[in-house]
Amino acid sequence: MEIKFHHIAIFTLMLASASCKLDNVKPPSVTLKGQLMYKGTPIGVEYNQVPFQLYQTGYKGNTPITGTFDQDGNYSVLTFNGTYKFTIPGGQGPFQWKELPSGGRDTVNITLNGDQTVNIEVTPYYMIRNTQLAAASGNITAKFSIEKDITDATAKNIQTVSLFVNKTQFVSPADHAAQVDLDGAAIVDPANVSLSVAIPKFTVTQNYVFARVGIRIAGVEDMIFSPVVKLSY
Amino acid sequence: MKKIYTIAMISVLLGAGSCKKDSDFLNVPPKSVVPTDVVFSDPALVLSVLGDLYNRVYDFSSLDNMDLYPENSDKKNVAGWTTFADFGESFPSDNGLYSIVQNRSWSYDTWSTWNYPYVRDLNLFIDNVTASTKLVPADKSRFLAEGRFLRASYYFEIVKRMGGVPLITKTLTYDNSGNVVGLQFPRSKESDIYDFVISEAEAIKGLLPSDPTEKSRATKAAALAMEARAALYAGSIAKYGATTPQVSLPGGEVGIPASMAPGYYTKGLNAAKEIISGSAGGYKLYQVLPNLSDNFAAIFLDKSSVNQESIWVEDFKALAGKVHSFTTNDQPYSVSDEASDAGRLDPSLNLVQSFEKLDNTFAPIATKDGSGNPIYYADQQDPFAGRDARLAGTVMLPHFFWKTAYIDIWGGYLLANGNIISSDDATHYAALPGSTTQIQVVGKDGPTPTGEVLRTQTGFYVRKYLDPTTGSGRRGRQSDVNFIRYRYGEVLLNAAEAAYELGQTGDAALYMNQVRARAGLTTPLAAGDITFDRIVHERRAELSFEGHVLFDMKRWRIANKVWDGNPESLVDLTSNIASATKRNTQPWGLYPYKYYNPGNPNDGKWVFREVLPSNVTGVLNFRIGNYYSQISDAIISANPKIIRQPNQ
């Protein structure tokens, strides 16, 4: 048979149409999100430092979905419908997570059937309350009160309280332009703490900064923070 | 008729030829595989199996590339020099590896190892030697002891990184039943692994030769040196673990009870004393060359029998296939044997200034006088004069003579008005004020203001392990300097630390002063001078770039203070130099500038400035979860009895 152009065209079409099958795996489409909370108040942490683990039961293996909380305590995961267990690894976060009598970490059961918001209730060692941040006469001033939330035998002392200032909205010990510390032992009245630091100079002048205060707790790796505030001057 | 006869004969012959038994026909011994019983009947063949096991010894710092064995995936495709970098002690002058000084923190799985295929091969080797009947008893007991030494050595390596792991001391066999529960073992206690290393060393030390000229195979001294170091590690984890209670697991898989500390320190001290007393052979500090810095550098270069300091090494041989590219990668740019291979590992000012002065005091490298004016030095090496000889033995200072020429390290011309004239390359000339003549305005070895790679970016090059042999920097030849795993100097420091922790400060001073005298610090320390800070400092001065810093900081539980995630300011850098917990989060440099001010008495002299290399944008942050490397989810999925590390 002589090969004509239409033979090739038909053959190509057939090949192309044979590949028109749908992928058999759907992408994850269900959003699970939420925020770290203590009695309805969000807890601020350092960006990308406090991890969480999400285990899906019923599958072979035991590998969790891991992620970290944002600096305002938010998390979100894009995944599939199913039954999950949510936990935070030991020693992470400026708060206590319930331990089981058997020795393991407690988990939160989450049954996903469509998008869902699950706030994570934890007990922080301390909370920063009534934070007032202001920019005035070349300084950033912070006034706040410290509330001790764990007072039993597992209570921990304050190592330092710090005011961090940065030019972008990421404000943390690792990412700041100005910082001032106050030693935990030097705090006279926890209900009335104030810190002040000069507004840092930036290469490109801007008339605003972002700031927040944090508490470093003795023997705990992660700091707890007040919400980030944008200050214009 | 004759034809039929011939055909009949051929058929008969053919038929007869096929009269072999089928089983014989199929059962041909393979020519490409040597069966186990044959291998383990001949000492030469056993040695070749053992050679493979020696090659697979896993070191933290290693001069050659680490990708030879796929099990060690954490070090895959990593050039040897990078295993000496990091931790604020050096700067990587290589475009591909700035991540070392730009990352904010180490991921939890950094430094992890889980090489059970190697453990299995070691167990198999031990089983096979034990079962062998044709080896003479002397060979057999030495091979067995070497197999057990390598196994203990790997368990020591794994416990340093992972804490307690399943302690597998026999070969496991899978029965194809689909049930693997019998092959799943939980993690042992961290102290159990250390106990295993110590007891194995005690058990085999008498079976190994006491021969200081035997460096690449296990000897009695190697077993004792391993025991001393392991016991010291266990002791310090027990003692200092109390300062980081978060770094422990309730089952003891991580963390050792404080009550066990004295026992471990005693064992460590006794093992070290056995080497020092000479019962394992005549080891001593290397004291051969009159120049103390050259002498210190030669410890790592001298492979002859004169070197009675090195105890156990990874040996190399040039032009014979076992070489490494450490010298190729780290040689000075201006004297390099290769156009685009040089200068990658640049020691930091943090390390350089930590070497003490000859009067046993600490001071930063002086760049300004008391009233804040710059100091003008006539010679580039003047600022470093009067210091511990190990400084110039470990680090190449500016204007050091290497192979055939003086290295050329300077950052540019400093003018009277404070401006700096420099360029991005020594061949890119510029004119000085009041002149139109184009001249060289930056050192051939850098440091350039633009941070050119392969030249120093701290003002220093590494000297330890750098091979001065002709051709050692060529990619074709490379270097065969050996890597010292255990040496007598470290044994003395281990003894000093163990003695100090046991309250025997007099003995501690005695051991430490020997190491210090060799470095030119001839004013001895008194018993009362020995402090924790002194111990930490002495190990840094003696053992930097030998793969100790991470594990030392970990076992003393000060890693999270030294690498605390805060930027290191110039004030941080130059203060508290003697403190063990001094911040060391960013590698600083010290740039020499030529002062240009014709008519001024200081014209042509050198001014030094502390500079944080522009590529250092990260801050080292050692998190609590970094104390023990992550056991991967794949391992935990395959064996649910494995529990997770703390803080992960």
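Once the convex hull of the alpha carbons of the range B:216-316 is built, what does its volume come to per residue, in cubic angstrom?
Expressed per residue, the convex hull around the Cα atoms of the range B:216-316 is 149 Å³.
Please work out the C-alpha center-to-center distance from the range B:514-588 to the range A:139-215 and express it in whole Å.
Using only Cα atoms, the two centres lie 31 Å from each other.
Please list the radius of gyration and Dmax for the protein assembly as shown, considering alpha-carbon atoms only, with Å as the unit.
32.3, 129
Filter the trypsin sites (Lys or Arg not before Pro) in the range B:105-202 to those in DSSP coil with at most 13 other Cβ atoms within 10 Å of their Cβ, and list the result.
In loop regions of the range B:105-202 (DSSP not H, G, I, E or B), the sparsely surrounded trypsin sites (Lys or Arg not before Pro) are B:Lys134, B:Lys170.
Output needed for chain A: three equivalent-ellipsoid semi-axes, defined as square roots of 5 times the C-alpha gyration tensor eigenvalues, in descending order, whole Å.
So the equivalent ellipsoid measures 48, 27, 13 Å along its semi-axes.
Would you mind checking which residues have amide H under 5 Å from A:Gln96's amide H? H placed 1.01 Å from N; only 5 or more apart, or other chain.
Under 5 Å from the amide H of A:Gln96 lie the amide H atoms of A:Thr123, A:Tyr125, each far enough along the sequence or on another chain.
Hey, what do the phi angles of the range A:213-221 turn into as Karplus ³J(HN,Hα) couplings, whole Hz, using 6.51/-1.76/1.60 and θ = phi - 60°, x for Gly and Pro?
10, x, 10, 9, 9, 4, x, 10, 6
What value in Å³ per residue do you get for the convex hull of the alpha-carbon atoms in the range A:125-232?
Taking the convex hull of the Cα positions in the range A:125-232, it is 93 Å³ per residue.
Determine the alpha carbon to alpha carbon distance for each of A:Lys4/A:Lys26; B:Lys205/B:Lys303; B:Lys368/B:Lys403; B:Lys403/B:Lys605 and list only those over 31 Å.
Beyond 31 Å between Cα atoms: A:Lys4/A:Lys26; B:Lys368/B:Lys403.
Nearest 5 is fine: what % of DSSP beta bridges in the range A:30-123 come out antiparallel, could you say?
If I count the DSSP bridges inside the range A:30-123, around 85 percent turn out antiparallel.
Would you mind counting up the charge near B:Leu285? Only other residues with Cβ under 12 Å from its Cβ, with Lys and Arg at +1 and Asp and Glu at -1.
Summing Lys/Arg as +1 and Asp/Glu as -1 gives +1.
Show the residues, 5+ positions off or on another chain, whose built amide H is closer than 5 Å to the amide H of A:Ile120.
Hits under the 5 Å cutoff: A:Gln35, A:Leu36, A:Met37.
Taking other Cβ within 10 Å of each residue's Cβ, how do B:Thr328, B:Thr617, A:Thr107 sort, fewest first?
Sorted ascending by nearby Cβ count, the order is B:Thr617, A:Thr107, B:Thr328.
If one puts a single equal scatterer on every Cα of the range B:174-274 and applies the Debye formula without solvent, what log₁₀ I(q)/I(0) results at q = 0.15 Å⁻¹?
For the range B:174-274, the Cα-only Debye profile gives -0.70.
Could you work out the pair-distance distribution P(r) of the range A:30-123 from its alpha-carbon pairs, with 10 angstrom bin width and percents rounded to whole numbers?
Pairs per bin, as whole percents: 16, 51, 30, 2.
Over the range B:343-392, what lengths in whole Å, largest first, do the semi-axes of the equivalent ellipsoid take, defined as the square roots of 5 times the eigenvalues of the alpha-carbon gyration tensor?
After diagonalising the Cα gyration tensor, the semi-axes are 19, 15, 11 Å.
For A:50-57, what's the mean count of beta carbons from other chains sitting within 10 Å of each residue's beta carbon?
Counting other chains' Cβ atoms within 10 Å and averaging over A:50-57 gives 1.
How many lysine pairs in the range A:125-232, separated by 8 or more positions in sequence or lying on different chains, have Cα atoms less than 20 Å apart?
Lysine pairs, 8 or more places apart or on different chains, close enough: 5.
Please give the net charge around A:Ala134, taking every other residue with its beta carbon less than 14 angstrom from that of A:Ala134, where Lys and Arg add +1 and Asp and Glu add -1.
It works out to a net charge of +3.
Residue by residue through the range B:278-286, which ³J(HN,Hα) values in whole Hz follow from phi under the Karplus form 6.51 cos²θ - 1.76 cosθ + 1.60 (θ = phi - 60°), with glycine and proline marked x?
Result, ordered by residue: x, 6, 9, x, x, 8, 7, 5, 6 Hz.
Sort B:Glu227, B:Glu274 so that the residue with the fewest other Cβ atoms within 10 Å of its own Cβ comes first and the one with the most comes last.
The order, fewest Cβ neighbours first, is B:Glu274, B:Glu227.
Take chain B, drop everything but the C-alpha atoms, weight them equally and run the Debye formula without solvent; then report log10 I(q)/I(0) at 0.07 Å⁻¹ to two decimals.
The calculated log intensity ratios at q = 0.07 Å⁻¹ are -0.50.
To check my understanding: the extent here is largest minus smallest coordinate of the Cα atoms along each principal axis. What are those three numbers for the range B:312-470, in Å, largest first?
57, 43, 23
Looking only at other chains, what is the average number of their beta-carbon atoms within 10 angstrom of each beta-carbon in A:221-233?
Per residue, the average neighbour count from other chains is 1.
What three numbers, in Å, describe the spread of the alpha carbons of the range B:423-539 along their principal axes, ordered from the longest?
68, 42, 23
Viscosity 1.567 mPa s, temperature 4 °C: give me the Stokes-Einstein translational D for the range A:69-161 in µm²/s, with Rh taken as the Kirkwood radius over C-alpha pairs.
D = 78 µm²/s.
Work through the residues other than B:Leu525 whose Cβ is under 10 Å from its Cβ and net out their charges, Lys, Arg +1 and Asp, Glu -1.
Taking every other residue near B:Leu525 into account, the sum is 0.
I'm checking a number: the convex hull volume of the Cα atoms of the range B:528-629, normalised per residue, in Å³. What is it?
Convex hull of Cα atoms, per residue: 151 Å³.
Under a cut-off of 12 Å between alpha-carbon atoms, report the aspartates and glutamates in cross-link reach of A:Lys39, not counting same-chain residues fewer than 8 places apart.
A:Glu121, A:Asp149
Over the whole of A:90-96, what's the average partner chain Cβ count within 10 Å per residue? Rounded to a whole number, please.
Whole-number average of other-chain Cβ neighbours for A:90-96 is 4.
Pairing the Cα long axis of helix B:137-162 with the longest principal axis of chain B, what angle in degrees results, from 0 to 90 and rounded to the nearest 10?
Between the helix axis and the principal axis of chain B, the angle is about 50 degrees.
Bear in mind that the values in this text are calculations on the coordinates, not laboratory data. Quick caveat, the model's predicted, so the values are computed rather than measured. Every residue, glycine among them, receives a Cβ derived from its backbone with ideal geometry; neighbour counts consider all protein chains shown.
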